[in-house]
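Beneath this line is the structure, given in structure tokens, with notes to follow.
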Amino acid sequence: MASIAHQTVVITGAGSGLGRAMVHAFSQQGWSVAVADINVDAGQKVVAEIEATGGQAFFQRCDVREEADLQQLCDRCLHEWQGIGVLINNAGVVSSMGSTELTLLSEWQRLLDINLLGVVRGCAAFTPTFKAQQGGHIVNIASIAGISSLPKFANYNASKAAVISLSETLRIELGQKNIGVTVVCPSLFKTNLADSMVNPREGQHEKVSQAMERSSISADDIAQKVVKAVNKNQFYLLPHKHTWLVWWLKRLSPRLYELVMARWPVA
Ligand SMILES: NC(=O)c1ccc[n+]([C@@H]2O[C@H](COP(=O)([O-])OP(=O)(O)OC[C@H]3O[C@@H](n4cnc5c(N)ncnc54)[C@H](O)[C@@H]3O)[C@@H](O)[C@H]2O)c1
């Protein structure tokens, strides 16, 4: 793809976890990286790490809840690079677990505003540039939660299912215009994501953190797979091997899938 030749990538939520790992993975391949995050200290630290290795990166504060921040991020990238290769909509938060009927509406709004509308705002801000330069690539970080629909996670599941659907739509809409789309659906892996829970019940933070610790793969492993997926213009990326079982079981036997999920241990 012509636009990939720019070797420039902008990543939201790049100050921590998977975002930070993707900054390093793309930089190791010689790409220039725009590090965007709401957390200024964390984002600037990642830029310093890249500069220490001789790579090229700059920081731009960006809250994905603000349309103007995404537009400024796009403008800054164009100013720095004259063209943009890849946008990665990665910024996200998780909710504390709870029965659907007891989850506060304000918590639904927080999750959807960041996890779904943050991605929508990113796509809306950058797509005109990709269309104008007749090429580019969008990576949306969803989750296997958007497919598996684990009990007690309704708002997180719904936000990520919507990101998968949005990505499927964009893949069709933009494919004719030489703009690639990848949607990434990881299972749990170790990051600081549990810290974004608001008012978790006693022990919930620890349970989620321990489940993340048990992951067979790391944020760095997933970041390497994202680089490869972009280069191959691969659409679905399910980096944890076992999650393909979830994918197929749900499609081939929805009733059996439902029975398995109903017995799933949740906190
Ligand atoms: N860690 C996992 O187990 C897991 C599994 C599946 C999917 N994911 C997804 O991966 C993505 C990255 O999460 P992570 O696990 O690296 O978590 P993390 O908490 O380590 O990193 C998330 C980053 O997003 C930033 N952020 C939060 N709100 C923001 C906002 N409004 N605007 C801009 N930046 C904001 C945070 O400052 C942080 O730097 C998320 O979309 C998450 O849902 C994570």
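Please list, ordered by first then second residue, the pairs with beta carbon atoms under 7 Å, 6 or more apart or interchain, first in the stretch 12-25 and near the ligand (Cβ under 7 Å from one of its atoms), second among the small types (Gly, Ala, Ser) and modelled with pLDDT under 95. Filtered contacts from the stretch 12-25: no entries. Here Leu249, Leu245, Leu170, Leu174 are screened, and the one residue that is more than 18 Å from Ala14 (Cα to Cα) and in contact with a helix residue (DSSP H, G or I) (Cβ under 6 Å, 6 or more places away or on another chain) is Leu249.
Would it be correct to say that Leu111 is surrounded by 19 or more Cβ atoms within 10 Å (Cβ to Cβ), free of Cβ contacts under 8 Å to residues at least 60 places away in the same chain, more than 9 Å from the ligand (Cβ to nearest atom) and not basic (Lys, Arg)? Yes: the conditions hold for Leu111. Considering only residues in the stretch 204-240 that are of a type in the set (Val, Ile, Thr) and under 14 Å from the mean Cα position of the chain (by Cα), the one that is surrounded by the fewest Cβ atoms within 10 Å (Cβ to Cβ) turns out to be Val227.
Of all residues in the stretch 33-53, exactly one satisfies the criterion of being under 19 Å from the mean Cα position of the chain (by Cα) and away from the ligand (no atom under 14 Å from the Cβ), namely Val33.
Is there a residue in the stretch 86-107 that is over 21 Å from Gly122 (Cβ atoms), surrounded by 15 or more Cβ atoms within 10 Å (Cβ to Cβ), of a type in the set (Ser, Thr, Tyr) and more than 16 Å from the ligand (Cβ to nearest atom)? Yes, because at least one residue in the stretch 86-107 is over 21 Å from Gly122 (Cβ atoms), surrounded by 15 or more Cβ atoms within 10 Å (Cβ to Cβ), of a type in the set (Ser, Thr, Tyr) and more than 16 Å from the ligand (Cβ to nearest atom).
The number of residues in the stretch 52-91 that are part of a loop (DSSP other than H, G, I, E, B) and farther than 15 Å from Ile114 by Cβ comes to 8. Leu170 meets the conditions (1) away from the ligand (no atom under 13 Å from the Cβ); (2) among the hydrophobic types (A, V, I, L, M, F, W, C); (3) more than 12 Å from Asn140 (Cβ to Cβ) in every case but one. The failed one is (3). Which of (1) in contact with a His (Cβ under 9 Å, 6 or more places away or on another chain); (2) under 25 Å from Val33 (Cβ atoms); (3) in contact (Cβ under 8 Å) with a residue 24 or more places away in the chain; (4) in a helix (DSSP H, G or I) does Ala229 not meet, given it meets every other one? Condition (1) is where Ala229 drops out.
The values are calculated or read from the model by the stated rules, or taken from the named source; none is laboratory data. Remember, predicted model here, so these are calculated numbers, not experimental data. With ideal geometry, Cβ positions are generated from the backbone for all residues, glycine too; neighbour counts draw on all protein chains shown.
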